[in-house]
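Trainee: Quick one: structure below, then a few questions.
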Amino acid sequence: MTTEVVTLKIVSVKEFRDHATQHLRTSEPIIIMRGTSPAGVFLPWDESMLPPEILKKAMYDKLVHQLQEQMEQANVSEEEVLADFEAYRKDRH
């Protein structure tokens, strides 16, 4: 039986933010800490891990959920958003 050793880096939120580009290029997982509590985890991504259509669907679902939450918070309906887009489009021409 072989055991794979995974190197795990721990950084603060500030460190991750200030050096995000460098951290996003790494191949090691990173735990992002806010004080003494974990705030998030960065797991390196290999494009071959998921077929593009699965990734696109996951991103679409997340964006739709976020948009729905924002619309609910603003008390705006889908019809109002579509009417606003249509009015904007007409005003541009």
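Since every read-out is calculated from the coordinates, none of them should be taken as a lab result. Given the structure is predicted, the values throughout are model-derived calculations rather than measurements. Reconstructed Cβ throughout: ideal geometry from the backbone, glycine too, with neighbour counts over all protein chains shown.
Trainee: Given the criteria exposed (fewer than 10 other Cβ atoms within 10 Å of the Cβ) and part of a helix (DSSP H, G or I), does Lys56 qualify? Before the answer, list the steps.
Mentor: Working: exposed (fewer than 10 other Cβ atoms within 10 Å of the Cβ): no; part of a helix (DSSP H, G or I): yes.
For Lys56, the condition - exposed (fewer than 10 other Cβ atoms within 10 Å of the Cβ) and part of a helix (DSSP H, G or I) - is not met.
Trainee: Here's a follow-up. Got a number for residues in region 32-48 being in contact (Cβ under 8 Å) with a residue 12 or more places away in the chain and more than 16 Å from the chain's Cα centre (by Cα)?
Mentor: Total satisfying the criteria: 2.
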